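Enquirer: Here you go, one structure.
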Amino acid sequence: MMHPADLPETVPVFPLPGALLLPRARLPLHIFEPRYLQMLDDALKTSERLIGMVQPNPCKGNGDNLHLIGCAGRVTQFSETEDGRYLITLTGISRFRIRSRVDGFAPYQRCTVSWDGFERDLGKPEADDTFNRTRFLRLLERFFAARHLSTDWETLKDADDELLVNSLSMLLDFDPEDKQALLEAPCLKTRRETLVTLIEFALRGGSNEETLQ
């Protein structure tokens, strides 16, 4: 487990629309663009091995503009293919807030960041004391049926609160702005409520009727 003192002031950032990483969760990635292969090589040379996942912000114009809040992940698994690509896994460490972009000669973006306000991310897994799991799984079953998706329902039933909510937040096919809302949720309860709202919204075909938590 990393401690606040272990977190660097500068991290490389990987802007990938729709790719959500959350603390203590795992995100598999396929790295093949030359600039991001360089980013990975550089990250592996550091003791932290951190890469910051961020969403591009379309409201700010060109693709270099980013949402201010992202999540840093530690490279915990990687393998190289014969043609020089990497298959890696990032394990979420902590969210951060971008303070400024670092100018330099690297082909990828680097940012100075603040970890303040996200101390909870470095602690133990969160619980949601108000979570009605039975009702949530019924809603999820309707959603999966509507999208013609399959899953291991016994595994979902046995998963702890954080693993269940965070895994679904990362895996379900929501718009990038919805993914950003899930990332920025201050606690697991708020993330679960946001996830329920998004699922119900999708089931109604995008209508604006009131949702129930």
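The values are calculated or read from the model by the stated rules, or taken from the named source; none is laboratory data. In this text the structure is predicted, and so the values were computed from the model without any measurement. In this analysis, Cβ positions are derived from the backbone assuming ideal geometry, glycine residues included, and neighbour counts consider all displayed protein chains.
Enquirer: Could you look through segment 1-18, keep only residues that are at pLDDT 95 or above and either of a type in the set (Gly, Ala, Ser) or surrounded by fewer than 16 Cβ atoms within 10 Å (Cβ to Cβ) (or both), and pick out the one that is farthest from LEU68 (Cα to Cα)?
Expert: PRO8
Enquirer: Among the candidates ARG49, ARG24, ARG85, which residue alone is touching a residue at least 12 places away in the same chain (Cβ under 8 Å) and under 20 Å from LEU172 (Cα atoms)?
Expert: Just one listed residue meets the conditions, ARG24.
Enquirer: Within segment 3-57, how many residues turn out to be part of a strand (DSSP E or B) and over 27 Å from GLY123 (Cβ atoms)? Lay out the reasoning, then the answer.
Expert: We begin by selecting, within segment 3-57, every residue part of a strand (DSSP E or B); these are 10-15, 26-31, 50-54, 56.
In the following step, the residues that additionally are over 27 Å from GLY123 (Cβ atoms) were identified as 15, 30-31, 56.
Selection size over segment 3-57: 4.
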